[in-house]
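The structure appears below as structure tokens.
The values are calculated or read from the model by the stated rules, or taken from the named source; none is laboratory data. Just so we're clear, the structure is a prediction, and the values are computed from it rather than from any experiment. As a convention, Cβ positions derive from the backbone with ideal geometry for all residues, glycine included, and neighbour counts pool all protein chains shown.
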Amino acid sequence: MEKPKIYLHGSYIGTTGFNNHTRDFLRQLSKHTQVKVRNFTVGDSWAGYTLTPHDNEPYINDVDKSLLYKQILYNSHGKLENFTIYPDKSKEFFPDVNIVLSETNHHIFYEDYIGPKIAYNVWESTLQPETFFNQLLKYDEIWVPSKWQRECTINQGADPNKVKVVPEGVDIHTFFPEEVEKLESYNDGRFKFLLFGRWDYRKSTKEIIQTFLKTFSPEEPVDLIVSIDNMWGEEMDGYKTTEERLNAYGFIDPRIKIIHFPSREDYVKYLKTGHVFVSCARSEGWNLPLIEAMACGTPSIYSNCCAQLEFAEGKGFPVNIIGEKTANSNDYGRYVMSELPGNYYEPDFNHLSNVMRHVYENYDDCKEKSFEESIDLRNNFNWEKIGLIGYETIMNFHKKINSTEFNKNKKPNEFKVSYFEGPKVEIIGDVYKQHLIEFLDESDNIVYSTNISNNMWTSCGRKYYTKWKIRIDGEIIDEFDLTNKRVLISMESKSIGDTIAWAPYVVEFSKKHNCKVVFSTFHNSWFEGHENYKDIEFIKPGDLTNCDVVYRVGWMRSDDNKWDKFDCYPNYPNTQELQKTASDILGLEFKELNLGINFTPKNKPYMGKYVILAPESTAGCKEWTYDSWVLLSKLLKENGYTPVVLTSKKYNIKNVPNAYGKSLEEAMNILYHAEFMIGLSSGLSWINWALGKHTVMISGFTPKYHEFTTNITRIQNEHSCNSCWSNINFKFDSGNWNWCPIWEGTDKQHICQKSISPLTVFNLLPI
């Protein structure tokens, strides 16, 4: 059986015990099989929107970066947002197994985890909240870190066959007995008890401090080092800081040394140089600080109960338990764990006092005992060994989900095929099975293939027309047919020229496939009501409509501003006729098409023979020099023609009429009655062509074949630099209208246009 691909959903980034456990576990698991992480973040906003936000985090190494695949942000509105953390150029990751860390609210999104699901659950009380637990029961398997939690989980109603013990571990390369330089505050010769955690009822923080103060007199050289800040501080009991809290509880004593949020480095130093680690919690889901202290060979005190016995039993210095007590408690001021069911275990704090005194008075013997015990603990709970346990458990699970017994009585899988900017296959059903999905073209070439399982989907990125065949597990289940289907064709460009060039192919597409075409452009009024477009339905860009298939026609580029050739076009669009861009996308035979636009002529606006000069273009790289237009106007006048400048902005040539700021309808009427138009590769030239009028086009930027070929005199200086638009070696900058890839910043910038002389243009005019 192939090694399963694992997708982990949970809190991978952060400094909590569970964050550290997750990273250490997955680093080891990734040595055995392929693992990706979908990190889960809670909050309305988070700094992780940047592409590589975690490079400076000391706990994130190169292995972590290879694992981190997606970031999921859960905001207060329940919306899930995915974005990439580190770029991954591989294909979309389709997991065989999902592992969901359900220590907070990840379990809520059960339906969001595609494929077989394992919930890794860490809990402290004997019962879990009903809604939380019922959600866990949906999972195919539940992992817990200890035999104690397994027993609690089964007692609450889980199937024993579904509950597996996969322990947590300890980083033995960081936590081991070692002589290290003492922190400055340690060089006073006093005996140090360590209390690391947070101020919390479950942690018995108050009772441990009380016991310390009762056990040791002020005259004895004994300190209690506390790191007990609580991020919920004021919300919990009204106190903002540890200092305020200790004062409020009467714990005013110079022997209590407060440390606020020590660094990872200092934390390790404290564990290795402190004399005794003390923990006497009412319950623990694992107790990572305890196992880390014990791995350092530091004598450690703990309550003799719950999950920590998985590694601590028979080791260290346990404190007796006198009974159970409800997990709901207001013993710590106003704070109540709302609706927390089940019980905690009540330690015997008098016994804690005796244990602390014993370890203090017999320290050398206790230290030697703890050193010996650390060897056994590190041998049995190192992450290398725990990672192997996890892998073996996953392999057993993978074998189970592929069995007939596992899939018995489950809803059979069905295949749903759709075509919306490319073909898509969705598998709906409960039977876990890997299916081979293949997307074939009309020549039976495999365009894309992948394996997915139930309740997953896949799609082919190709968005232009292809007569698709969908093959699943070797059988053709769907052949593409548009007859009587509703097809949305959306013109993505706001450009006048692009729209006029491409629109006729919408009509051709409708005829070829006998389908109902819904057409969306930014210039609908040019086509609605026109005889040639009478069978086409028009909608505004952005309007919603029910359609079976969608095609976009436009200039599509990838994130690096390169042509998105393989997804959106069969050929590079800038290397061929503009109209062929549309015929390629829509899978039509290319032929020049002019179906016209809506226009009703009015009275001739100028007397005599007049010629339109259209010197304006959005792109500065297409424009001719002002002096050239002036000289050409002079030559026209000398030969009996009236030049008229037609622009959307003032373009003053002395003694030449300026049709400035005209409406499109007025502009079209001016063009219609003109002898011809002299212009650039622009929208006005395409309007002139659509009206059936002759265009003299001055263009060095685009090649001769790019625009239309009928009713045109094309003027280009082929002895000069020209046609950079069609050169695929140049990355066109769509945001730079003065783009000139070779001569930018020199006196030759836009030489393709400058090198065309007014006399050359005049000599080629149709007069």
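Of all residues in region 742-753, none are in the same structural domain as THR618 (by TED's automatic domain parsing), surrounded by fewer than 20 Cβ atoms within 10 Å (Cβ to Cβ), closer than 29 Å to HIS523 by Cα and out of contact with any strand residue (DSSP E or B) (no Cβ under 8 Å at 6 or more places or on another chain).
Checking each residue in region 482-515 for being in contact with a Cys (Cβ under 9 Å, 6 or more places away or on another chain) and not hydroxyl-bearing (Ser, Thr, Tyr) picks out LEU482, ASN484, LYS485, ARG486, VAL487, LEU488, PHE509. Out of GLU442, GLU426, GLU479, one residue alone is free of Cβ contacts under 8 Å to residues at least 24 places away in the same chain and in contact with a Lys or Arg (Cβ under 7 Å, 6 or more places away or on another chain). It is GLU479. Being within 20 Å of PHE196 (Cβ to Cβ), under 46 Å from the mean Cα position of the chain (by Cα), in a strand (DSSP E or B) and free of Cβ contacts under 8 Å to residues at least 60 places away in the same chain holds for only one residue in TYR302, TYR344, and it is TYR302. For region 258-298, residues that are in a loop (DSSP other than H, G, I, E, B), more than 38 Å from the chain's Cα centre (by Cα) and not β-branched (Val, Ile, Thr) total 8. Residues in region 407-423 that are more than 22 Å from LEU586 (Cα to Cα) and touching a residue at least 60 places away in the same chain (Cβ under 8 Å): PHE415 alone. Within region 150-165, can one find any residue that is buried (at least 18 other Cβ atoms within 10 Å of the Cβ), hydrophobic (A, V, I, L, M, F, W, C), assigned to a loop (DSSP other than H, G, I, E, B) and not assigned by TED's automatic domain parsing to the domain that holds VAL278? Yes: region 150-165 contains one or more residues that are buried (at least 18 other Cβ atoms within 10 Å of the Cβ), hydrophobic (A, V, I, L, M, F, W, C), assigned to a loop (DSSP other than H, G, I, E, B) and not assigned by TED's automatic domain parsing to the domain that holds VAL278. Taken together, THR600, THR581 contain a single residue that is surrounded by fewer than 20 Cβ atoms within 10 Å (Cβ to Cβ) and under 27 Å from ASN711 (Cα atoms), which is THR600. Among residues of region 241-254 being free of Cβ contacts under 8 Å to residues at least 40 places away in the same chain and surrounded by 12 or more Cβ atoms within 10 Å (Cβ to Cβ), the one that is nearest to LYS206 (Cα to Cα) is LEU246. Put simply, of LYS580, LYS591, LYS565, LYS622 the only residue that is under 21 Å from PHE676 (Cβ atoms) and of a type in the set (Lys, Arg) is LYS622.
The condition of being at pLDDT 95 or above and among the aliphatic types (A, V, I, L, M) holds for VAL507. For region 173-211: of the residues being of a type in the set (A, V, I, L, M, F, W, C) and over 24 Å from SER374 (Cβ atoms), which is modelled with the lowest pLDDT? Restricting to residues being of a type in the set (A, V, I, L, M, F, W, C) and over 24 Å from SER374 (Cβ atoms), the top hit is TRP199. Based on this model, can you work out whether LYS654 counts as exposed (fewer than 13 other Cβ atoms within 10 Å of the Cβ), under 20 Å from MET607 (Cα atoms) and not acidic (Asp, Glu)? Yes, satisfied.
Of all residues in region 520-554, those satisfying the criterion of being of a type in the set (Val, Ile, Thr) and touching an Asp or Glu at 6+ places or on another chain (Cβ under 7 Å) are VAL550, VAL553. Report yes if SER682 is more than 18 Å from LYS604 (Cβ to Cβ), surrounded by fewer than 20 Cβ atoms within 10 Å (Cβ to Cβ) and at pLDDT below 95, otherwise no. In short, no. Does GLU421 satisfy the criteria of being at pLDDT below 95, exposed (fewer than 13 other Cβ atoms within 10 Å of the Cβ), over 30 Å from ASN161 (Cβ atoms) and not assigned by TED's automatic domain parsing to the domain that holds TYR120? So GLU421 does not fit the description; no. Within region 408-426, being in a strand (DSSP E or B) and over 28 Å from the mean Cα position of the chain (by Cα) holds for one residue alone: GLU414. Scanning region 494-532 for residues that are small (Gly, Ala, Ser), in contact (Cβ under 8 Å) with a residue 60 or more places away in the chain and in contact with a strand residue (DSSP E or B) (Cβ under 8 Å, 6 or more places away or on another chain) yields one hit, ALA503. The combined condition, being outside any strand (DSSP E or B) and within 26 Å of VAL425 (Cα to Cα), is fulfilled by ASP567. Residues that are buried (at least 17 other Cβ atoms within 10 Å of the Cβ), assigned to a loop (DSSP other than H, G, I, E, B), outside the structural domain of HIS513 (by TED's automatic domain parsing) and touching a Ser or Thr at 6+ places or on another chain (Cβ under 9 Å): does region 456-466 have at least one? Within region 456-466 (the criterion being buried (at least 17 other Cβ atoms within 10 Å of the Cβ), assigned to a loop (DSSP other than H, G, I, E, B), outside the structural domain of HIS513 (by TED's automatic domain parsing) and touching a Ser or Thr at 6+ places or on another chain (Cβ under 9 Å)), the answer is yes, since at least one residue qualifies. Among the strands (runs of 3 or more DSSP E) confined to region 634-739, the ones with at least 1 residues that are without any contact (Cβ under 8 Å) to a residue 40 or more places away in the chain and among the charged types (D, E, K, R) are located at 712-715.
Checked against (1) under 24 Å from ASP376 (Cα atoms); (2) in contact with a His (Cβ under 7 Å, 6 or more places away or on another chain), VAL165 passes all but a single condition, namely (2).
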